[in-house]
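Reviewing the structure listed below.
Readers should treat all values here as calculations from the given coordinates under stated rules, not as data from a laboratory. Just so you know, these numbers come straight off a predicted model, no measurement behind them. With ideal geometry, Cβ positions are generated from the backbone for all residues, glycine too; neighbour counts draw on all protein chains shown.
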Amino acid sequence: MNELIPLMVIVPLMAALIISAFSRFNTVTKIFAFVVAICLPIIPLASNYGLHYFGGYAPMLDNVTSVMYHPAITYSFTFLQQIFIAMIGLLTFLVVFIYLTKYKKISGPYLFLLFLGTAAVTAMLLTDDIFHMFVFFEILALAQVGIVAASSIDYSYEMALKYMILGSIGSPIMLLGIGFLLALTGSVNITDIVAAVHNGLVDATSPVFLTSLGLIFFGWLYASGLPPFHTIKSGIYSKAEPHGAALLQSFTVISMISIVLIMYRIYSALPIFEVLVVFFSILAMILGVSLALTQTDFRRMIGFLAVGELGFIGLGIGLGTQYAITAGLFQALNEIIITALLFIGFGAIVNATNEVDTRKLGGLLAYHPKVSLMLLIGGLAMAGVPPLSGFQSKLMLVQASLSCGFPEISILAIMVSIATFVVFVKTFYAMFLRPKPNDLELEGKSVPKSMIFAMGVLLIIIVLLGIFPDVVTSGISNFVGGIL
Amino acid sequence: MAQTQLAILFTSIALVVIGLYSAIFIDNIIKKIIGISFIEEGANLFIVAIGYKAGGVVPILMPGMDTSWFAANAAYPLPFGLVLTSIVIGASTLAVMLALVMVLYKRYGTLSTKVMLADTSKQEEYNE
Amino acid sequence: MKLYDQIFDVVKQFRKLFSPGPVTNADVSGSITAEIFLIVSLVLSAILLRHVSVLLAGLVTLILAIVLISNIPLIPKFKIEQEDSLEKMLFYAVVTLSIIVVFMYWGGNLV
């Protein structure tokens, strides 16, 4: 049933518009949002793999040059898209569920932003058209800014405006790069561009082609929050509501991998591409983790850790072998789940204490044992402790970099994992284990049940992926073999 | 007529460079946003220039036109379609940015970037 | 003796990093870990240059190690450069953009 492929984008998009228009009817909107949120992970799982041509314009064969042209916007749906869209759908469901149970009177515009962001990342993953990707990338940026500005945390407007101003440098630069590619190839369909590059219609060593890589690469840095954008990315995570931050980081990861896979398909013939990706990934790992070690606001700390972990994904893509890219994509999947768990868990603590400074917290283990236990396991998974899912993907990455002949990168990856572990142990000690400060009020405040439910679901996935990684990695490996 | 296209390309690059200059050196937030939107306009202008064809016709196939003559003389329509989308996105981004600036102006009473968009920890000291 | 004093001063300088507010043991040890992690990881990534030239890698690693160790504490300086004021973020973004574009246009084929 290939009709389900466009529905993955249309359902959240239409739901966003309908909810925003009819948010006056509180109960009906709540039920509608809940039903749509349940549908989101089910649609990709029920759909068959295949291609969808919008408008029904099938590819045309040019009889003179015997090259296929794709006149329609094409959506391609394979195992990779299925697993990531299902995961983002599940996460959206959990976040919407937390939001619906937390507030009696819901806000239509906020749900609009959540669904709009989900629709945008889904389209970015599915599309085979570079300009279509750019359009949804801009829509995603607007949704992210809205989610940050809607939060009740101090200075969220300032952070949203900063993100927007940086975005209005990053996105047009990326558009300029797409313009360069359009000028060289006359097409915005990625398959056509790749064919033109591989058939020698485009001179791969020409400065214009190289500059287009530089410009799109800069846009990718902005999308994924690698340096120099690591401060703003961690900033917007820390200024959004916790469940919003859980969704924001998954948007970042998905936009990162969807853009880098497009760049990989077009530019993989150039050795400089892999050098650039590895350089910025290593920089992100070093800066992210070393700044996370010095933070006292634990939301900001998780934000920096999330940016540092993105370096692992980039490392896998940059090494460029089938095994390494599989490891990078598997790490991306794990990071979406683990970081969402950490954001929701620490958000539960903020909910219960109204305090974000680790220096003023302590002794929470006795008050919130369930949350602290699940957070501990999530943190261990992020640091790469067996048998959790983070361990499997990091082990794959270390093996991949060893077999590529870069033992330094393996050592660096292990060191970053250890430093992540240190960050986590330090924070866990400060918040949960040491004696409670006298001026900390904890009585009568509880953690919402929906947050514990969401954490439990994510935790089960972490453990299952850690024990049976082959379920995902074999499918991803097949996909990577297809684009190599 | 290649000079026309070249002139457009130089203009678009100049717009991008002016935008990047204003991003760093202008303090007033409204002027900064105007400057930054130049980058967007530069990128749009560049893409329009790609579709330019000296002596070309509007890419609409009218009844009675010879198809091969049309294919040889029509301008390339794809860039125009793309730029139309891109302008709409740029306008909505600009609107959201200016709305946020309005809120922040009411809070701080100034348009200086150094005051209203400084480091968060310093702002906390400033407010205390 | 001078280096020894400098290493001891590091802990004192961390106090400024966490002001306003108290400084706990965990924060200081975290900052020292960050300091060591930063030096070691930067030196380690400099070794990657050996794929270009072994001599260059040796020189860069030695110089980097000496410069970094003689400039401790690095973390306060790093943190000032990476605060979330719009000016600094825009400056680094535009500088990175110009470096990438200039490097790609003239030197993209060298690697």
Cα convex hull volume per residue for chain B, in Å³, equals 108 Å³
Relative to the longest principal Cα axis of chain C, at what angle does helix C:54-70 sit, 0 to 90 degrees, rounded to 10?
20 degrees
Helix A:242-267 against the longest principal axis of chain A: what's the angle in degrees, Cα atoms only, rounded to the nearest 10?
20 degrees
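Charges at C-beta only: +1 for Lys and Arg, -1 for Asp and Glu. How large is the resulting dipole of the protein assembly as shown about its Cα centre, in Debye rounded to 20?
Values: 35 positive and 37 negative charges, 280 e Å.
Dipole magnitude for the protein assembly as shown comes out near 1340 debye.
Around A:Phe77, what is the net charge, scoring Lys/Arg as +1 and Asp/Glu as -1 over all other residues with Cβ under 13 Å from its Cβ? Spell out each step's value before the answer.
Details: positive: none; negative: A:Glu3, A:Asp128.
Value of the local net charge: -2.
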Which is the longest run of chain A containing none of the GluC sites (Glu not before Pro) found in DSSP loop states (not H, G, I, E, B) with at most 13 other C-beta atoms within 10 Å?
A:4-440
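Chain A: longest stretch without exposed trypsin sites (Lys or Arg not before Pro) (DSSP loop, at most 13 other Cβ within 10 Å), sites themselves excluded? Don't skip to the answer; put the middle values down first.
Working: sites that count: A:Arg24, A:Lys104, A:Lys105, A:Lys445.
After excluding every exposed loop site, the longest remaining stretch is A:106-444.
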Find which of B:Val96, B:Pro63, B:Ser12 sits farthest along the positive direction of the dipole of chain B, computed with +1 on the beta-carbon of Lys and Arg, -1 on that of Asp and Glu, about the Cα centre.
B:Pro63
When the scattering of region C:10-103 is computed by the Debye formula from its Cα atoms alone, each counted once and equally, what is log10 I(q)/I(0) at q = 0.12, 0.18 Å⁻¹?
-0.55, -1.01
Evaluated at q = 0.18, 0.20, 0.26 Å⁻¹: base-10 log I(q)/I(0), Debye formula over Cα of region A:3-79
-0.81, -0.90, -1.13
Largest-first principal axis extents, alpha carbons of region A:95-208, Å:
60, 27, 15
Chain A: angle of helix A:230-239 to the longest principal axis, Cα-based, in degrees nearest 10
50 degrees
Structure-based [θ]222 nm, the protein assembly as shown - -39500 (n - 2.57) summed over DSSP H runs of at least 4, per residue, nearest 500
-25500 deg cm²/dmol
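Output the DSSP H helices from chain B with an along-axis C-alpha extent of no less than 24 Å and a mean Kyte-Doolittle hydropathy no less than -0.5.
Working: long enough: B:2-25 (34 Å, 1.78); B:29-50 (32 Å, 1.51); B:78-108 (45 Å, 1.68).
Answer set is B:2-25, B:29-50, B:78-108.
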In whole angstrom, the spacing between the Cα centers of region A:264-293 and region A:352-383 equals 32 Å
For region A:462-474, take each phi angle, set θ = phi - 60°, evaluate the Karplus expression 6.51 cos²θ - 1.76 cosθ + 1.60, and give the result in whole Hz per residue in order, putting x for glycine and proline.
4, 5, 5, 5, x, 7, 10, x, 4, 3, 9, 5, 5
Distance between region A:410-484 and region A:11-27 - C-alpha centres, whole angstrom
33 Å
Rank these for me by crowding, A:Trp220, C:Trp106, going from fewest to most other beta carbons within 10 Å.
C:Trp106, A:Trp220
For B:Val57, list long-range residues whose amide hydrogen, built 1.01 Å from N in the peptide plane, is under 5 Å from its own amide hydrogen.
B:Ala74, B:Ala75
Take the alpha carbon atoms of the protein assembly as shown, find their radius of gyration, then divide it by 2.2 N^0.38 Å using N residues; give the quotient.
0.95
Please compute P(r) over all alpha-carbon pairs of region A:155-204, binned at 10 Å starting from zero, and give each bin as a whole-number percent.
24, 33, 19, 16, 7, 0
Mind computing the radius of gyration and Dmax over the alpha-carbon atoms of region A:143-270? Å is fine for both.
16.9, 54
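Note down the magnitude of the dipole of region B:1-126 about its Cα centre, charges +1 on Lys and Arg C-beta and -1 on Asp and Glu C-beta and zero elsewhere, to the nearest 20 debye. Walk me through the numbers on the way to the answer.
Details: 7 positive and 7 negative charges, 44 e Å.
The calculated dipole for region B:1-126 is roughly 220 debye.
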Which percent, nearest 5, of DSSP beta bridges in the protein assembly as shown are antiparallel?
90 percent
Loop sites in region A:342-381: chymotrypsin sites (Phe, Trp or Tyr not before Pro), DSSP, at most 12 other Cβ within 10 Å
none
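What does the charge count around A:Thr27 come to, taking other residues whose C-beta lies under 12 Å from its C-beta (Lys +1, Arg +1, Asp -1, Glu -1)? Intermediate results must be reported in sequence, preceding the final value.
Working: positive: A:Arg24, A:Lys30, A:Lys104, A:Lys105; negative: none.
Net charge in that neighbourhood comes out at +4.
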